[in-house]
1. Scan segment 66-84 for residues that are open to solvent by 100 Å² or more (accessible area, probe 1.4 Å) and either touching a His at 6+ places or on another chain (Cβ under 9 Å) or over 30 Å from ILE8 (Cα atoms) (or both) and report the count.
2. I need a count of the residues in segment 1-49 that are surrounded by fewer than 11 Cβ atoms within 10 Å (Cβ to Cβ), more than 23 Å from ARG68 (Cβ to Cβ) and hydrophobic (A, V, I, L, M, F, W, C).
3. If you check GLN82, GLN36, which single one turns out to be polar (S, T, N, Q) and in contact (Cβ under 8 Å) with a residue 12 or more places away in the chain?
4. Just the residues that are free of Cβ contacts under 8 Å to residues at least 24 places away in the same chain and either in contact with a His (Cβ under 8 Å, 6 or more places away or on another chain) or among the aliphatic types (A, V, I, L, M) (or both), please, taken from segment 41-61.
5. Could you please give the count of residues in segment 1-57 that are assigned to a loop (DSSP other than H, G, I, E, B) and among the small types (Gly, Ala, Ser)?
6. Cβ contacts < 7 Å: first residue farther than 20 Å from LEU54 by Cα, restricted to segment 6-24; second residue of a type in the set (Asp, Glu) and part of a helix (DSSP H, G or I), any location; separation 6+ or different chain. Result?
Amino acid sequence: MSDFSALIAKAIDPAMSRQEREGVYKLVREAVLRLQERDGLDPADHRAAFRRHLVEETIRDIESDVARFESLRKLDEAFAAQAKEHKAQSSGRR
């Protein structure tokens with residue numbers, strides 16, 4: 001699954017909107033269904049359900065990574081602004 005996760009992660013960009021990422025995830029879900037059909041798996045087969053579960057779990061993991069990336073980016077921006085403000089206040093006191 002790590003190759004699968006890497007493939008999905010390459011298909012999205014944290015700068016994408018949630019709606020754009022959902023479009024990518026929709027394509028992934030459709031591709032998995034087509035693969036299952038090609039493999040002759042009945043949608044009720046437990047292996048098909050397991051594959052769907054892994055896809056959804058992977059998407060949740062990637063969304064978590066995107067949220068973490070965005071949070072860290074925002075924290076970095078806030079820290080940089082705070083440091084800039086602190087520096088401006090320090091230089092103004094002299």
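The values are calculated or read from the model by the stated rules, or taken from the named source; none is laboratory data. As the structure is a computational prediction, the values presented were derived from the model and not from experiment. Because the Cβ atoms are built from the backbone with ideal geometry, glycine has one as well, and the counts that use them run over all protein chains shown. Side chains included, ligands, DNA and RNA excluded: accessible areas come from the protein's heavy atoms. Shrake-Rupley method; radii C 1.70, N 1.55, O 1.52, S 1.80 Å.
1. 3
2. 1
3. Numbers: GLN82 fails: in contact (Cβ under 8 Å) with a residue 12 or more places away in the chain.
Criteria check complete, one pass: GLN36.
4. Quick first cut of segment 41-61, residues free of Cβ contacts under 8 Å to residues at least 24 places away in the same chain only: 41-53, 56-57, 60.
The answer is LEU41, ALA44, ALA48, ALA49.
5. In the first step, residues of segment 1-57 are kept if they are assigned to a loop (DSSP other than H, G, I, E, B); the result is 1, 12-17, 39-45.
Imposing the further condition that a residue be among the small types (Gly, Ala, Ser) reduces the set to 15, 17, 40, 44.
Summing the residues that are assigned to a loop (DSSP other than H, G, I, E, B) and among the small types (Gly, Ala, Ser) in segment 1-57 gives 4.
6. Qualifying pairs under 7 Å: PRO14/GLU70.
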